[in-house]
Structures are given as structure tokens and as C-alpha cells.
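A quick write-up on the structure given underneath.
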Amino acid sequence: MEKTASSSLQIQPPTYGKYITILTIDGGGIRGIIPAVILEFLESKLQELDGEDARLADYFDVIGGTSTGGLVTAMLTAPNESNRPLFAAKDIKPFYLEHCPKIFPEDRGVLAPKFESVYNLVKGPKYDGKYLHQILREKLGETRLGKTLTNIVIPTFDIKLLQPTIFSSYELKKIPYLDARLSDICIGTSAAPTYLPPHKFINEDKEGKGKEFNLVDGGMAANNPTLVALNQVSKQVIDGNPDFFSINPMDFRRFLVISIGTGSEKKEQPYDADKAAKWGSLFGWLHQGDSVPLVDVFQQASADMVDYHISVVFRTLNCKSKNYIRIQDDTLKGTTASVDVATKENLDDLVDIGQDLLNKPESRVDWETGLTVTIENGGTNEDALKRFAKKLSREKERRETGKKDREKRSSNTNKKFPGHNGISISPKL
């Protein structure tokens, strides 16, 4: 996608480098604090290498996010008045700590807390979403998808069409009506069933043709958006986008991927077939205690299958395992596994979980069992992120050098083969 003039800090196209760099963030409500901690650490390592002005958007060809991950994606890539990222990674955690209690307020009505969950199933979404809409409009303003500082991919699900709608920077030339306001996209991808209401809006393209969207949580389509981001990049290679010149769409050795989860619950008494056999449509599959099993199943299955698929592909195609990392905590318990318990205690606990996750061993999905296992002699997630930071820094430098070298060669070629009337031409190859 063509971008407007931007800072020299912005990354050059992958055609000048070795890798295609991808960052993705899962959905998970308030648990977005966990990847916020991880991203703050990664950006700090890049700043140690390249200076305090370094931002994550300067290093990734595409950043993808679902639901709360879509919000983080927009924050990292939306431009401010100086055409630099609106938020540094270190600003995301304070944003969540300040605003989550207002987005997900505690219900202190006469029915709370004993009958709260039953009442919410009957009356509609648990929250009206008004504060979320307000703060997103305020922070993101009129900024549209086509103005982000690097390419982004945010999955949503159109409930009217019963199919995913992927808001991708790469698709804007073909599908102009996708150039919606980031605030509308974020509201849509965050509209988790039973928690927040669906988001309906009409977006007009440059010719004034309107397109109606009826969006719910992107987690219904891809709670882990990594595969969607990879597919978007592969489509560019297949379609001959010059930014990806000389890259094979199936050459996963050229991909450098960081996928960050928002944690999943380790149940003390997990569901089983005997319990599920007794569930009715209202109080079983839709609600058990403090969780929503049907939503949990869809989102967790989606996220795990994407990780499983990518892990197998990287290993099958003999790619370096060091080029893909999935950082996820599957041991959350109690309120830390919720998407909306926004008490100060729980939010602080999520910050601690993010910090602890940095110190946990690097892990991957075992392609025989589908379970997450520790990588032997792999170090910690912190070690892996330091390694990735060095690769990202070198890749950025490689591209800048590659662009200068190509421009120099082009200039020299034109001097050797001058055209008529002083107009330079390039020789036919």
C-alpha cells in the first residue's frame, strides 16, 4: 500500500531486505495488559539498539490484532501530529489501567452480584460500550485505516453477512470501502458477544458509495490473527506487489514472526463430556459460573489451531525455528482469566503475569500432541525477544542500505545509457 510522506524512521519495503516482519496480538479484553507488558519490553530493547525514538511500527511490515489486540495495533500505528506513532509501547499499559474500569464497570445494582450473571443473559450485553466508543473516538479521531504508519490487519466478523471482514491496509486499492475510521474498526473487533453490543456503521468510499458493516468480535473469526496476517502478505507476493519483489510466497524462511497471546485459563475442574451433556442452551453452553463456555471454546480453539498450524509449517519447510515465537501463558486462574474483571487488584495481577511471562521458558506447540512444551536450551521469552530485537534492528539497517545501493546502481546505469535530449533511460535486460 502506498503511504503518505512519513518520518525517515519508517521501515523500508521488504524487497530491500532479508525478512518480512510480522507482529500479532490476540484478543482477550482486559488481558490485553499482558501483551502490553511484553511489547513494552521489546520496544525498550529496540531503543537500546537504535535510540529512544524507536517505535515498534518502525520495524514491522505488518502488525495484526484481534479485539483488544486490534486496539493495541491501532494505538501503535496511528500517527500523531508529527507523523509518529500515537502511542509508544510503554503507554499502552497505563491506558488499560486507567480506562478498563470505566469500560467494564462493576455492576453495583440490586441484582449484583448473586443474580448478575443470570440477568445479563436475559437483558442483553453486559456493558453498553458507551465509554469504550467515547475514548476510542477521542484518541483515534478521524484517522482511517489508510493512514497508519505501517500496514495493519484487524479481523472482524460481520453478523449480517455471517462471514469475516478483514480490515487490511493491503486491500485498500482493491476494496476502497475498507478505509474506515480506526475507531469504528476497533469498536467492531472488540464487540465480544454477551459483553459488548455489535457495532453498525456505514463507510463511504471516495466515490461516495456507502458500505454497511454489522460487526462483532474479531475473535469469532480469528482470535489469533497471525495466520490472517501471513495470508495477507502472501497475497501481496502472489499479486506482484513490488514491495515484495523476488520473494516466494511459500518461503517461510523469509518470515520473522512474533505472536503474542493474552493468556488462557487452566481450570481446576475443567469441562468434560459428562458435564456438557447436561448443559442447556441458556445456562450451559452460554454460561457456566463466571465464564461463557461457547465463547471460550471458539476463541481458544481458534488461537491454538493457528499456533499449531504455523509451528508445523515452519518446521515442515525447514525454516529456522528461531524465526517464529509464540508468547502465551496457559496457566491463568480465577479472575485473571476473565476478559472484564477490571478491579485494581486484578489489573495489577495481570501486569505481574506479563512480567512473569518474560521470565518463563520459551515454548512451542508439540506437533505430535498439540500441547505446549518448553524448548530445550531455548532460554526465556525475554532472551527470545532480545534476539528478535537484534534481528529487527539489523533488518531495518539492511533495508536502508539496500535501498541506497539500488538507487546508486540505478543512477549509475542511467548515466551510462543516456536517452535522447538529455533524458536518461535504463537498458533493457
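Could you pull out the residue among ASP58, ASP50 that is open to solvent by less than 10 Å² (accessible area, probe 1.4 Å), of a type in the set (D, E, K, R), more than 13 Å from the chain's Cα centre (by Cα) and farther than 15 Å from ASP243 by Cα?
After ruling out the rest, the residue left standing is ASP58.
Results for (1) more than 20 Å from THR66 (Cβ to Cβ); (2) at pLDDT 95 or above; (3) in contact with a Lys or Arg (Cβ under 7 Å, 6 or more places away or on another chain), shown as yes or no for each residue.
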| residue | (1), (2), (3) |
| --- | --- |
| LYS126 | no, no, no |
| GLN134 | yes, yes, no |
| GLU138 | yes, yes, no |
| LYS147 | yes, yes, no |
| PRO155 | no, yes, no |
| ALA180 | no, yes, yes |
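Scan region 90-107 and give yes if some residue there is modelled with pLDDT of 95 or more, charged (D, E, K, R) and touching a strand residue (DSSP E or B) at 6+ places or on another chain (Cβ under 6 Å), otherwise no.
There is no residue in region 90-107 that is modelled with pLDDT of 95 or more, charged (D, E, K, R) and touching a strand residue (DSSP E or B) at 6+ places or on another chain (Cβ under 6 Å).
For VAL233, all conditions in the list (1) open to solvent by 30 Å² or more (accessible area, probe 1.4 Å); (2) at pLDDT 75 or above; (3) not in a loop (DSSP other than H, G, I, E, B) hold save one; what is the number of the exception?
(1)
Considering only region 159-178, state which residues are among the aliphatic types (A, V, I, L, M), open to solvent by 40 Å² or more (accessible area, probe 1.4 Å), at pLDDT below 95 and farther than 16 Å from LYS200 by Cβ.
ILE175
Out of ASP184, ASP205, which single residue is touching a strand residue (DSSP E or B) at 6+ places or on another chain (Cβ under 9 Å), open to solvent by less than 70 Å² (accessible area, probe 1.4 Å) and modelled with pLDDT of 85 or more? Reasoning before the result, please.
Values: ASP205 fails: modelled with pLDDT of 85 or more.
Exactly one of ASP184, ASP205 is touching a strand residue (DSSP E or B) at 6+ places or on another chain (Cβ under 9 Å), open to solvent by less than 70 Å² (accessible area, probe 1.4 Å) and modelled with pLDDT of 85 or more, namely ASP184.
Kindly indicate the residue of region 236-254 that is in contact (Cβ under 8 Å) with a residue 24 or more places away in the chain and aliphatic (A, V, I, L, M) and also least open to solvent (accessible area, probe 1.4 Å) among those meeting that condition.
ILE247
The values are calculated or read from the model by the stated rules, or taken from the named source; none is laboratory data. Please read all numbers here as calculations on a predicted model, not as lab measurements. Glycine also receives a Cβ, built like all others from the backbone with ideal geometry; neighbour counts cover every protein chain displayed. Just so you know, the surface numbers come from the protein's heavy atoms only, side chains and all, with ligands and any DNA or RNA stripped out. Shrake-Rupley method; radii C 1.70, N 1.55, O 1.52, S 1.80 Å.
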